[in-house]
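Trainee: I'd like to ask some things about the structure below.
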Amino acid sequence: MTKDIIENDPYRSAGVDIDAGEDLIQKIKSDVSLTHNENVIGNIGGFAGMYRLPKEFKNPIMVACTDGVGTKVALAQEYGNLKGIGQDLVAMCVNDLIICGAKPLFFLDYYATSKLRVDEASIVIKSISKACIDSGCSLLGGETAEMPGHYIDNNFDLAGFSVGCVEEDKIISSENVSVGNLLIGIESSGPHSNGFSLIRKILNNYDGPQNFKEQMIIEALSPTLLYPKLILNILEKYQVNSMSHITGGGLRENLPRSVPKNLSVEIDSESWQMPPIFEWLKSDGNILQHDMYRIFNCGIGLVLIVNEVDVDPIMKEISLNDFNSFIIGRVKEKNQKESVVFR
């Protein structure tokens, strides 16, 4: 393209750089290709992604999830730490898929920005690609949208969409939960991708030592843990009655979705130690413990509801996969309005 054409490009004069989009495709091609397996049909750059349903499924049920990263993106941009944001995006979707027992198959992303910065976008998509590999799924495609005037300054936003599959007779639902089942809490890496509007407010109001603030920022931006490979390993060997991904709404609002309406869960709040970032958020943000359990995961990223006899071997399996876990509660008859009771 000649200089005259570039300078007279009408779309560029409106703030959209088509060439930058092409540059990005070339930059991410190899990262995306690494996520592909024998079920992916075609290559990056087509109008749509195609995926062959794996032959391992006899009575397949397709499962789909979509989510975003929320205002964690703003914090990551503010402090120039974008390396984990792509993993956050993938995790928020595939961690939801696994809750019903589904194996993640493929993922698509949507990256929207005021002005496309190729190096910045490629960091995010590289992180998305790696997270897809770590979750056992393919990055089948995506969309990059440059929208000056809609997004302000250097802002960008992320959304993701994932599809998985589960055998019909292996779908996990709350129907199998019964009184006496125990709850195994699997650690989180921090706030994951929830509560960041409040986290940013607390950080903005903080006037203590700068080095402590920087440490809290690092902990806040720690990428959301990816649970699919761990959970699929567990499901191959042991019975899991139900699961809960602890996202927005915390333990208090997510756990009731994983038990029958006539049952409740009693949580032993002393069975695990809240990580330092949550203790700091509670203290500096003057947040009641009741609200902490409603806003944040408080150190528990995913909960398994299992038969008591399976607790020890499942916790051993979790440990072998380099995760920490805790027995955090028990299923009981519901004798009051609340579905979750903290002791």
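Trainee: Can you tell me how many residues in region 326-343 are touching a residue at least 12 places away in the same chain (Cβ under 8 Å) and either crowded, with 22+ Cβ neighbours inside 10 Å or basic (K, R) (or both)?
Mentor: Residues that pass the stated criteria total 7.
Trainee: Quick one: what pairs do we get from region 290-319, first residue free of Cβ contacts under 8 Å to residues at least 12 places away in the same chain and at negative phi, second part of a strand (DSSP E or B) and among the small types (G, A, S), C-beta under 8 Å, 6+ apart or different chains?
Mentor: Pairs that qualify, where the first residue is free of Cβ contacts under 8 Å to residues at least 12 places away in the same chain and at negative phi and the partner is part of a strand (DSSP E or B) and among the small types (G, A, S), are S319/S325.
Trainee: Next question, about the same structure. With respect to the numbered conditions (1) modelled with pLDDT of 65 or more; (2) open to solvent by 90 Å² or more (accessible area, probe 1.4 Å); (3) of a type in the set (A, V, I, L, M), which one is the sole condition not fulfilled by A64?
Mentor: Against the list (1) modelled with pLDDT of 65 or more; (2) open to solvent by 90 Å² or more (accessible area, probe 1.4 Å); (3) of a type in the set (A, V, I, L, M), A64 comes up short only on (2).
Trainee: Taking the condition assigned to a loop (DSSP other than H, G, I, E, B), farther than 22 Å from N297 by Cβ and not small (G, A, S), does L105 pass?
Mentor: No: the conditions fail for L105.
Trainee: Could you grab the pairs with beta carbons closer than 6 Å, sequence gap of 6+ or different chains, first residue in region 223-245 and closer than 30 Å to K126 by Cβ, second one in a strand (DSSP E or B) and open to solvent by less than 10 Å² (accessible area, probe 1.4 Å)?
Mentor: L225/G301; Y227/L302; P228/P104; M243/L304; H245/L302
Trainee: Give region 80-117 a look and list any residue that's under 19 Å from P54 (Cβ atoms) and surrounded by fewer than 21 Cβ atoms within 10 Å (Cβ to Cβ), or say none.
Mentor: Across region 80-117, the qualifying residues are C100, L108.
Trainee: Please go through region 59-80 and pick out each residue that is within 17 Å of the chain's Cα centre (by Cα) and over 20 Å from L105 (Cβ atoms).
Mentor: Scanning region 59-80 gives G68, V69, G70, T71, K72, V73, A74, L75, A76.
Trainee: Something else: Among the residues of region 232-254, write down those that are more than 21 Å from V69 (Cα to Cα) and open to solvent by less than 10 Å² (accessible area, probe 1.4 Å).
Mentor: Of everything in region 232-254, those that are more than 21 Å from V69 (Cα to Cα) and open to solvent by less than 10 Å² (accessible area, probe 1.4 Å) turn out to be I234, N241, S242, M243.
Trainee: Related question: I need the strands (runs of 3 or more DSSP E) fully contained in region 118-231, keeping only those with at least 2 residues that are open to solvent by 50 Å² or more (accessible area, probe 1.4 Å). If you could, list the steps in order and put the result at the bottom.
Mentor: Details: elements: 138-146, 156-167, 182-187.
Answer list for region 118-231: 138-146, 156-167.
Trainee: Could you run through region 296-311 and say how many residues are surrounded by fewer than 20 Cβ atoms within 10 Å (Cβ to Cβ) and either in contact with a strand residue (DSSP E or B) (Cβ under 7 Å, 6 or more places away or on another chain) or in a loop (DSSP other than H, G, I, E, B) (or both)?
Mentor: The total comes to 3.
Trainee: Continuing with this model, one more query. Only one residue in S114, S193, S178, S173 is over 23 Å from the mean Cα position of the chain (by Cα), under 30 Å from S264 (Cα atoms) and small (G, A, S). Which one?
Mentor: Selected residue: S178, the only one of S114, S193, S178, S173 that is over 23 Å from the mean Cα position of the chain (by Cα), under 30 Å from S264 (Cα atoms) and small (G, A, S).
The values are calculated or read from the model by the stated rules, or taken from the named source; none is laboratory data. Fair warning: this is a prediction, and the values are worked out from it, not measured in the lab. Heads up, the Cβs are rebuilt from the backbone with ideal geometry, glycines too, and the neighbour counts pull from every protein chain shown. The area values use the complete protein model at the heavy-atom level, side chains included, leaving out ligands, DNA and RNA. Shrake-Rupley method; radii C 1.70, N 1.55, O 1.52, S 1.80 Å.
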